[in-house]
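Colleague: Before I ask anything, here is the structure I am working with.
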Amino acid sequence: MIESISIEKRLAGSDIQLPDASEPKGSYVNCVRASNFLYVSGKGPTGQPAPLGKLGREFSVAQGYDFARMAGLEILATVKAELGSLDAVVRVVKIQGFINAVESFEDHPKVLDGCSDLLAQVFGDKGLHARSVFGAVSVRANLPLVIDSIFEINSA
C-alpha cells in the first residue's frame, strides 16, 4: 500500500511560502464552516504595496497569472489559520475569480489558472476543482482580481 504524503509535509518540502492570513477588509469574516465545507471570502494578491489596476491596461496576462497565484497563497493561509493544518482539507471544491479588466480583455481563464495550478500543486488530485471566472468593471480597492473558494473539510 502506498502511503500518501501529508499536505503539510508536501508544502514544507516545496518552495511555496504561505503569507500570514490577512484580516477581512469589511464587515465579514475570513471564512465560514458549514457542515463539511469551508467557504473562504474573496482574497486578492498581496504585496507591499498591493498591485492595483486592470488586466489589459496596467497588467498583462502573465502578471495576472502571478497575481492569481498570490491570491491562492492568501486563500491557503486563511484555510490553514482556520483549520490549523491543510491536512484537514478533503478536497478543493470550487474557486470563483473576479478579474478587474478592461472591456476588451478575454483571457480571464488564463489568469485564474495561476490559482488553479497552485491548488493542484499543493493538493495533487484533491486540488482539482470546479471554477467560474468573471470579468469585473471594478473590484475592491482596485485590486486586479479577487478569488473566493470552497473546500470540503474533515468533520472532526
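Colleague: Give the residues of the range 90-148 that are of a type in the set (A, V, I, L, M), within 19 Å of Met70 (Cβ to Cβ), more than 12 Å from the chain's Cα centre (by Cα) and not in a helix (DSSP H, G or I), sorted by residue number.
Modeller: The answer is Ile99, Ala101, Val133, Ala136, Val139, Leu143.
Colleague: Restricting attention to the range 16-46, which residues are more than 17 Å from Ala81 (Cβ to Cβ), part of a loop (DSSP other than H, G, I, E, B) and either more than 17 Å from the chain's Cα centre (by Cα) or among the β-branched types (Val, Ile, Thr) (or both)?
Modeller: Once the filter is applied, which keeps residues that are more than 17 Å from Ala81 (Cβ to Cβ), part of a loop (DSSP other than H, G, I, E, B) and either more than 17 Å from the chain's Cα centre (by Cα) or among the β-branched types (Val, Ile, Thr) (or both), the range 16-46 yields Gly26, Ser27, Ser35, Asn36.
Colleague: While we're here: Is there a residue in the range 70-84 that is of a type in the set (Ser, Thr, Tyr), touching an Asp or Glu at 6+ places or on another chain (Cβ under 9 Å) and either outside any loop (DSSP other than H, G, I, E, B) or closer than 21 Å to Gly13 by Cβ (or both)?
Modeller: Checked the range 70-84: no residue is of a type in the set (Ser, Thr, Tyr), touching an Asp or Glu at 6+ places or on another chain (Cβ under 9 Å) and either outside any loop (DSSP other than H, G, I, E, B) or closer than 21 Å to Gly13 by Cβ (or both).
Colleague: If Ser14 satisfies every condition in (1) of a type outside the set (D, E, K, R); (2) surrounded by 12 or more Cβ atoms within 10 Å (Cβ to Cβ); (3) touching a residue at least 40 places away in the same chain (Cβ under 8 Å) but one, which is the exception?
Modeller: Ser14 satisfies all of (1) of a type outside the set (D, E, K, R); (2) surrounded by 12 or more Cβ atoms within 10 Å (Cβ to Cβ); (3) touching a residue at least 40 places away in the same chain (Cβ under 8 Å) except (2).
Colleague: Of all residues in the range 47-56 being buried (at least 18 other Cβ atoms within 10 Å of the Cβ) and in a loop (DSSP other than H, G, I, E, B), which is nearest to the chain's Cα centre (by Cα)?
Modeller: Pro51
Colleague: State whether the residues of the range 75-84 include one that is surrounded by fewer than 17 Cβ atoms within 10 Å (Cβ to Cβ) and of a type outside the set (Val, Ile, Thr).
Modeller: yes
Colleague: Limited to the range 137-154, what total is found for residues that are over 22 Å from Ser35 (Cα atoms), surrounded by fewer than 16 Cβ atoms within 10 Å (Cβ to Cβ) and out of contact with any Lys or Arg (no Cβ under 9 Å at 6 or more places or on another chain)?
Modeller: 1
Colleague: Also, I was wondering about something else. Tally time: how many residues in the range 10-38 are under 14 Å from Leu76 (Cα atoms) and of a type in the set (Val, Ile, Thr)?
Modeller: Qualifying residue count, the range 10-38: 1.
Each value in this text was obtained by applying a stated rule to the coordinates, not by laboratory testing. Treat the numbers as computed from the prediction; the structure is a model and nothing was measured. Quick reminder, even Gly has a Cβ in these numbers, built from the backbone with ideal geometry, and neighbours come from all protein chains shown.
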